[in-house]
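Structure record follows, encoded as structure tokens.
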Amino acid sequence: MPDNTMDKIVSLCKRRGFVFPSSEIYGGLNSCWDYGPLGVELKRNIQDFWWKSMTLREDVVGLDASILMHPRVWEASGHVASFTDPLVDCKQCKARFREDDLSAEKIEKKQCPNCGTLGSLTESRKFNLMFKTFMGPVEEAASTTYLRPETAQGIYVNYLNVQNVSRLKIPFGIAQVGKAFRNEITPGNFIFRTREFEQMEMQYFVKPGDDEKWFDYWKEQRLAYYLKLGIRPEKLRFKQHGQDELAHYAKAAYDVQYEFPFGWQELEGIHNRTDFDLKRHQEASGKSLLYFDDAANEKYLPYIIETSAGLNRTMLTVLVDAYWEDKENERVVLRLHPRLAPIKAVICPLVKKDGLPEVARQIEADLRPHFPVIFDQQSSIGKRYYRQDEAGTPFGVTVDHQTLEDQTVTLRERDSQQQDRMPISALKDEIRKRLNADWSVSK
Ligand code: ATP
């Protein structure tokens, strides 16, 4: 049976307003996606969770560097020369592939995986993934610049500025979330691989010699983070890069991988980038990037441990992991961690009369300053709950006739569908408590 989970998730995302195809009225644009009302909240909640997990530490501060940087940054960083993928074309059907995605057998026989023709693949050539553009009105080589392919370089060239103003001592980290652009040869799998995406990166500056210790430390931290995000542990694993797979800057690298419906794939890269980048920028700019360690009274170039996660890719992971077809109750549920859910509660009058909508409206108004809630009185109560189950809304509050007598309501939990009766006055604290509770995944 072909696994069509991805198709179902893409369709749910469109239907519920998580993600729309970009420029849809013009037929869409390959690999570009727009985030709708629920998608933008989910993405922001993931970003906030990441941001807090980094910057609520005393040794990590934030930065927001510009997307366009001096073109020499990308020469020094090695991206102009080495940020390439090996590209092969099929002479028969014109399909295009990354050579490193093909099996050894296909490469040997030059066989196209698309049309199957033997000997039809071209020799591989290096394709640079950076998007080029021009600064100013004249399109000439001297005004060429690039859309950043990673956010990291903005951190490296600023690291002494940040360290000076924050008076941080090594080891310390700088966190950043922002757009990155790569002219990928084979984008696809919905928002998994796109040409425009957001990265959440934290670069940790350490004393050379301490790098392996900190590398191990961050590996463990990052795995723990995904568990706190509510991802099922059995769907997560580390994959170590072999010597032949290492990026041009890395001494060691592990990927955090998730088992998507299309296989195990990278979610985040953890790299020991050594002093490669700082050394190159120091040489190319002629400016000293040495850190002064006043305790040891010595100067050195720090080593850098990088944790680099994709925000959109994390959102896809969260969606895939949360997607649940509850066959018994004939409903689709997004079992999102309540902390990540775009809407926290739906407030429903049982019927549209007898003064119940007015009470429900008042509850909505009282809760809204504290967390995103919505009011819904359309169709049967069951249908209203199921609509919200699909949007991942963790709680449902129902106002019924008993409410008019004793000022109590029912609070329904999305996954178990359990309902608890409680006073209206206790709702806010109860929902807040459940939002912040440690949430073990019973998926
Ligand atoms: P791959 O080998 O899959 O192309 P990579 O090893 O080049 O990925 P990194 O440079 O380590 O990826 O980027 C760090 C993170 O940024 C990735 O783990 C991923 O989550 C995210 N990312 C990278 N490229 C893309 C993309 N084209 N679309 C969406 N997210 C991406």
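What follows is calculated from the coordinates using simple rules that are stated; it is not laboratory data. Here the structure is a predicted model, which means the values were calculated and not measured. Every residue, glycine as well, gets a Cβ built from its backbone with ideal geometry; the counts of neighbours run over all protein chains shown.
A Förster distance of 51 Å, applied to the separation of the beta-carbon atoms of residue 330 and residue 144, puts the FRET efficiency at 0.35.
Take every Cα pair under 8 Å whose residues are at least 6 apart in sequence, average their separation, divide by the length of the chain, and the relative contact order is 13 percent. Between residue 131 and 147, 183, the built amide H atoms are under 5 Å apart, and every one of these is 5 or more places off in sequence or on another chain. Within a straight-line Cα-Cα reach of under 17 Å, residue 383 can be paired with the following aspartates and glutamates, leaving aside sequence neighbours fewer than 8 residues apart in one chain: 325, 326, 328, 330, 400, 413, 415. Absence of a disulfide-compatible partner, taken as no other cysteine beta carbon within less than 4.7 angstrom, is noted in the chain for 13, 32, 348.
Working note: Karplus 6.51/-1.76/1.60 with θ = phi - 60° gives segment 189-196 the couplings 6, 6, 8, 5, 10, 10, 8, 10 Hz, where Gly and Pro are set to x. Taking every alpha-carbon pair within the chain, the share separated by more than 41 Å comes to 28 percent. Straight-line reach from residue 287: taking Cα to Cα under 22 Å and skipping same-chain neighbours fewer than 8 places apart, the lysines in range are 169, 207, 279, 299. Under 5 Å from the amide H of residue 274 lie the amide H atoms of 251, 304, each residue being 5 or more positions distant or on a separate chain, with H modelled from the backbone and absent for Pro and chain starts.
Around the amide H of residue 173, modelled in the peptide plane, lie the amide H atoms of 60, 61, 205, all under 5 Å away and 5 or more residues distant in sequence or on another chain. If you bin all the Cα-Cα distances of segment 341-432 at 5 Å, starting from zero, the percentages per bin are 3, 15, 29, 28, 19, 5, 0. Among the listed pairs 8/235; 235/433; 52/219, a Cα-Cα separation exceeding 23 Å is found for 235/433.
Hydropathy first: keep DSSP H helices in the chain averaging at least -1.0 on Kyte-Doolittle, then drop any whose Cα extent along the axis falls short of 15 Å, and list what survives.
5-16, 37-55, 152-166, 311-322, 356-367
Among the trypsin sites (Lys or Arg not before Pro) in segment 347-388, those located in a DSSP loop and surrounded by at most 12 other Cβ atoms within 10 Å of their own Cβ are 352, 353. Per 5 Å bin, what is the whole-percent P(r) computed from every C-alpha pair distance within segment 181-315? In order of increasing distance, the bins hold 2, 9, 16, 19, 19, 14, 10, 6, 3, 1, 0 percent. Counting only Cβ charges, +1 for Lys and Arg and -1 for Asp and Glu, the dipole size of the chain around its Cα centre is about 560 debye.
Among 56, 319, 301, sorting on how many other beta-carbon atoms sit within 10 Å of each Cβ, with the fewest leading, yields 56, 301, 319. When 408, 186 are sorted by how many other C-beta atoms sit within 10 angstrom of their C-beta, beginning with the fewest, the order is 186, 408. Between residue 57 and residue 358, the FRET efficiency estimated from the beta carbon spacing at R0 = 56 angstrom works out to 0.75.
Taking a straight line from the alpha carbon of residue 91, these lysines sit under 29 Å away, with near neighbours fewer than eight places off in the same chain left out: 106, 109, 110, 126, 132.
Taken one residue at a time, the phi angles of segment 329-338 give Karplus couplings (6.51, -1.76, 1.60, θ = phi - 60°) of 9, 6, 9, 10, 10, 9, 7, 6, 4, x Hz. Gly and Pro are set to x.
Here the residues 262, 190, 205, 49, ranked from fewest to most Cβ neighbours within 10 Å of their Cβ, fall in the order 262, 49, 190, 205.
In loop segments of segment 270-365 as defined by DSSP, the GluC sites (Glu not before Pro) with at most 10 further C-beta atoms inside 10 Å of their C-beta are 328, 330. Per-residue ellipticity at 222 nm from helix content only, as computed over the chain with -39500 (n - 2.57) for each DSSP H run of at least four residues, stands at -9500 deg cm²/dmol. For segment 170-180, backbone phi angles converted through the Karplus equation (6.51, -1.76, 1.60; θ = phi - 60°) give residue-by-residue couplings of 4, x, 8, x, 10, 10, 8, 10, x, 6, 9 Hz, Gly and Pro being listed as x.
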